[in-house]
Amino acid sequence: MDKRVEKKKHSLGERYAAMSHDLNWETTYQPMDKVFPADKYEGIKVHDWDKWQDPFRLTMDSYWKYQGEKEKKLYAVIDAFAQNNGQFGVSDARYVNALKLFIQAVTPQEYYAHRSFANLARNIRGDELRVACQMQAADELRHFQNQTHTISNFNKYFNGMHNAPHWFDHAWYLSAPKSFSEDVMSAGPFERLIAISFSFDALLTKPLFVSYMSGAAHNGDLAAVTVSFSGQSDETRHMTTGIEAVKFLLAQDAANLPIVQRWIDKWFWRGYRVMTMAAMMHDYMLTKHTTSWKEAWEMYVEPVVESLFAELAVYGLRKPKGWAQACDGKEHISHQAWNVFYGYNESTAFHTWLPEVAELDWLSKKYPNSFDRYYRPRLEHYAQLQAQGERFSNHTLPMQCQTCQMPMIFTEQNSPRWIAYRETQHQGETFHFCSDHCEEIFTNEPEKYVQANLPVHQILQGHCFNPDANTTAADFNATSAVLDFCQIKQGRDNDTYPGSEDDVNFTSWGGGQDPQEAQL
Ligand code: ZN
């Protein structure tokens with residue numbers, strides 16, 4: 001009788017090793033340093049890549065299978081949303097402006113992250129980390145596509161979404177996220193990893209992808225929620241890669257500590273500044289309120305940072321330099337941002353509005369330490385002006401910080417009546433900053449940041465007009481010429497929401513009712 005041959009089954013660990021580590025080889029035709037020219041110049045020392053442990057041990061074949069299943073579920077929901085005219089089922093179409101800002105400011109960053117990680121997958125010597133980066137590159141591309149597909153359904157019915165990539169390149173308020181992404185892409189490979197996987201993904205993104213998105217559910221936007229949940233399991237993997245990367249680099253060589261610490265100081269602060277827009281979306285653009293930005297920060301950022309850095313203290317790492325100031329900012333930044341976007345609304349591609357009394361009351365309740373004292377009177381003053389037919393508007397453009405490129409709207413730590421301004425001289429020129437941290441980032445790498453392309457400077461230097469604009473004509477209007485160049489239609493794509501084309505359309509289409517009953 002034939003003896004049955006037992007089919008040898010690999011353990012998960014063996015299978016993972018066979019599909020990652022064992023596929024690697026040392027090059028012989030060319031020295032390894034020539035094949036991987038980018039992973040040494042930052043000063044990071046790695047002695048033994050075999051010490052890298054990927055806790056997920058995900059192989060490429062199971063990755064595609066797993067992601068494919070998620071895609072099927074996601075597109076079934078997106079399809080159902082479109083079939084049922086879900087866009088008319090959102091509680092209040094002011095909320096759609098959060099989606100506009102999302103596709104203008106967040107979605108393009110996913111694409112940049114995809115490119116960054118594809119580059120990392122090529123340029124880092126450690127094989128298992130390369131596999132993780134390759135998966136992250138595919139994840140980020142998927143996020144870009146998923147978000148674009150979901151929001152495209154709204155684009156058919158609402159203004160302000162039709163030209164997001166062009167705005168990302170030219171609109172002044174989008175240069176903060178754009179410069180963040182370009183700063184990442186032009187950094188060395190290890191810095192890039194710490195910037196995105198650790199400082200952004202592990203420390204900062206949960207308020208956007210968990211808290212803000214559960215808010216989207218309360219506003220009736222199930223498609224956005226599903227996209228976020230589909231992406232969240234990827235984010236968990238990215239965060240773990242970031243945390244493992246920090247531990248690995250610190251364990252490899254003591255000389256890595258000051259380098260990694262400086263990157264964490266820098267990228268926590270840069271990420272925090274970009275998150276200002278998420279803060280504003282939480283408090284002002286989710287029209288059915290759930291958690292405030294302050295609560296989201298206290299729930300999703302503070303405990304994570306505190307426990308993570310307690311764990312990392314054994315390596316000599318401390319919390320990011322800007323941490324205390326960022327925690328102080330939870331009382332203020334959403335209100336400061338909404339104020340600036342309300343005032344400069346004529347040069348943006350989304351609507352703003354003054355919160356209704358019940359919304360002001362909600363903000364007063366959520367921000368007992370700051371809202372009534374600093375921000376509510378200003379909004380009520382704007383409401384008085386608006387009632388007199390004099391909507392407050394800044395007919396200029398804000399000054400931008402040379403580093404984070406946010407408008408200079410932030411106040412001094414513990415002194416919310418004082419706008420923070422810093423200035424530095426470099427090679428005979430003066431540069432301006434929103435904070436000590438942005439100034440320090442510049443001072444550490446002035447060669448990089450003197451090159452910043454600040455849209456407001458570009459506009460004032462006359463570089464943002466269409467070629468046929470007649471700048472010497474007597475009736476030349478610089479603001480409308482810039483808006484023409486940016487392809488933003490004044491009054492249609494921006495300005496006050498009540499009475500806008502979006503508002504009129506949404507009401508006439510039966511928006512806000514049961515989607516089944518909406519006419520169309
Ligand atoms: Zn700044």
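Worth a mention:
- Along the stretch 63-70 the Karplus relation, 6.51 cos²θ - 1.76 cosθ + 1.60 evaluated at θ = phi - 60°, assigns HN-Hα couplings of 4, 5, 5, 5, 5, x, 5, 5 Hz to successive residues, with x for each Gly and Pro.
- Relative packing of peptides 88-94, 49-55, 502-508 - highest average C-beta neighbours within 10 Å first: 88-94, 502-508, 49-55
- The aspartates and glutamates within cross-link reach of K9, meaning a Cα-to-Cα straight distance under 18 Å and a gap of 8 or more places when in the same chain, are D22, D61.
- Ranking by accessible area, most exposed first, for I264, I259 with a 1.4 Å probe: I259, I264
- Mean residue ellipticity, 222 nm, helices only, the chain: the sum of -39500 (n - 2.57) across DSSP H runs of n ≥ 4, divided by residue count and rounded to 500, is -15500 deg cm²/dmol.
- Percent accessible area from carbon and sulfur atoms, the stretch 1-103, protein chains only, probe 1.4 Å: 57
- For the stretch 42-76 versus the stretch 209-283, the gap between their alpha-carbon centres in whole angstrom: 17
- In order along the stretch 258-264, the phi-based Karplus estimate (6.51 cos²θ - 1.76 cosθ + 1.60, θ = phi - 60°) of 3J(HN,Hα) comes to x, 5, 5, 4, 5, 5, 5 Hz; Gly and Pro are listed as x.
- For K34, the aspartates and glutamates whose Cα comes closer than 17 Å to its Cα, not counting residues fewer than 8 places off in the same chain, are E26, E42, D127.
- Kirkwood Rh, Cα atoms: Rg over Rh of the chain: 0.99
- Accessible surface calculations at 1.4 Å, restricted to protein heavy atoms, place the chain at 44 Å² per residue.
- Most to least packed among 189-196, 309-316, 335-342 [average Cβ atoms within 10 Å]: 189-196, 335-342, 309-316
- For T411, the residues 5 or more places off, or on other chains, whose built amide H falls under 5 Å of its own are A420.
- Between the listed residues A18, Q109, V35, the Cα displaced farthest toward the positive end of the dipole of the stretch 7-147, a dipole computed from Cβ unit charges relative to the Cα centre, is found at A18.
- Counting only protein heavy atoms and a probe of 1.4 Å, the accessible surface of the stretch 337-461 is 48% carbon and sulfur.
- Translational diffusion coefficient (Stokes-Einstein; Kirkwood radius from C-alpha pairs) of the stretch 306-373 at 25 °C, 0.890 mPa s, in µm²/s: 164
- Spatially proximal lysines relative to K365 (Cα-Cα < 29 Å; intrachain offsets below 8 disregarded): K100, K206, K288, K294, K330
- Exceeding the 29 Å Cα-Cα cut-off - candidates K70/K366; K7/K70; K73/K156: K70/K366; K7/K70
- Protein accessible area in the stretch 236-278, 1.4 Å probe - carbon and sulfur %: 62
The values are calculated or read from the model by the stated rules, or taken from the named source; none is laboratory data. Just so it is clear, the model here is predicted, and its values are computed rather than measured. Every residue, glycine as well, gets a Cβ built from its backbone with ideal geometry; the counts of neighbours run over all protein chains shown. The accessibility values were calculated without ligands, DNA or RNA, using every heavy atom of the protein model including side chains. Shrake-Rupley method; radii C 1.70, N 1.55, O 1.52, S 1.80 Å.
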